[in-house]
Amino acid sequence: MKSEKYAVIWKHFDQESALGKRLNASQDFSLPYFLTTEEKSKFDKKEQLSLNPFHLVMGLLVGYFDKPPETDTTFTKKKAKTIIEDNLASFKTDSLENLILDLSNFLRDSHGQTVSLQSLMAGIELIPKSSAIKYDACIDLISCIDDDELPDRIAAVQQLKLLLSKIDPSTLDKTLVEDYLKMIEIANDY
């Protein structure tokens with residue numbers, strides 16, 4: 001379900017900037033910002049656009065695996081968790097896991113399951129032990145496989161099986177365990 005397009009832009013920061021100093025940057029760096037189509041249009045026209053923590057956190061999740069030309073993303077990946085945690089209060093949540101799950105649900109509803117999957121895969125990198133994030137990623141993976149939205153079906157099925165094998169069902173909400181077992185059956189049928 002794709003309803004609204006989006007873009008991830010990479011904004012350059014000087015290591016001596018306030019943000020650079022706060023993040024202890026040792027060199028200039030870039031951070032990803034998530035923009036809707038309308039916001040991207042304003043950005044392209046150099047119209048005023050107010051970027052806020054929502055744009056940044058969404059950009060970090062959706063753009064985590066991006067490889068923009070002439071941009072080293074090493075610093076961004078290293079600092080992503082810290083930056084997101086520093087912004088938890090802006091989202092009125094006290095848990096990085098809940099924020100990732102909530103934003104991924106928002107992305108799924110607003111922009112489709114492939115974008116949500118990108119966010120959840122970044123979440124797995126940031127919180128590797130979260131069975132809840134892996135569970136939601138498996139749901140998106142199954143939907144993306146079924147809707148033929150991924151370029152490599154075989155790799156997607158392998159990723160699904162790997163994620164399912166790393167979920168600890170004892171940490172899932174009891175109401176999700178039955179669906180987790182169904183997802184294992186679905187993965188084995190592929």
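Return the Rg/Rh ratio of segment 1-136 with Cα-based radii and a Kirkwood Rh.
Rounded to two decimals, Rg/Rh equals 0.95.
Per residue, the chain exposes 56 Å² of accessible surface when a 1.4 Å probe is rolled over the protein heavy atoms with every protein chain present.
Which shape class, rounded, prolate or oblate, goes with segment 108-159 when its Cα gyration tensor gives a ≥ b ≥ c as root eigenvalues, a/c under 1.5 marks rounded, and past that a/b bigger than b/c marks prolate? Oblate, since a/c reaches 1.5 and b/c is not below a/b. Checking the cross-link pairs 46/78; 78/134; 11/46 against a 25 Å limit on the alpha carbon distance flags 46/78 as lying beyond it.
How much of the accessible area of segment 73-190, in percent, comes from carbon and sulfur atoms when a 1.4 Å probe is used?
Carbon plus sulfur share of accessible area: 50 percent.
Going from most exposed to least, what order do 108, 153 have by accessible area with a 1.4 Å probe?
In descending accessible area the options line up as 153, 108.
Sorting the segments 138-144, 51-57 by their residues' average number of neighbouring beta-carbon atoms within 10 angstrom, most packed first, yields 138-144, 51-57.
Descending by average beta-carbon neighbour count within 10 Å, the peptides 165-172, 61-68, 111-118 line up as 111-118, 61-68, 165-172, the highest first.
Helix 174-189 versus the longest principal axis of the chain: what is the Cα-based angle in degrees, 0 to 90, to the nearest 10? Between helix and principal axis, roughly 80 degrees. The slack in the chain from residue 44 to residue 24, taken as 0.36 nm per residue of separation less the alpha-carbon distance, amounts to 4.2 nm. Seen against the Cα atoms of the chain and their longest principal axis, helix 53-62 is set at about 50 degrees. Our note on the geometry: Cα centres of segment 42-102 and segment 112-190, 22 Å apart.
The values are calculated or read from the model by the stated rules, or taken from the named source; none is laboratory data. Predicted model only: the values in this text are computed from it and were never measured. Neighbour counts run over all protein chains shown; Cβ positions are idealised from the backbone, glycine included. All accessible areas refer to the heavy atoms of the entire protein, side chains included, with ligands and DNA or RNA removed. Shrake-Rupley method; radii C 1.70, N 1.55, O 1.52, S 1.80 Å.
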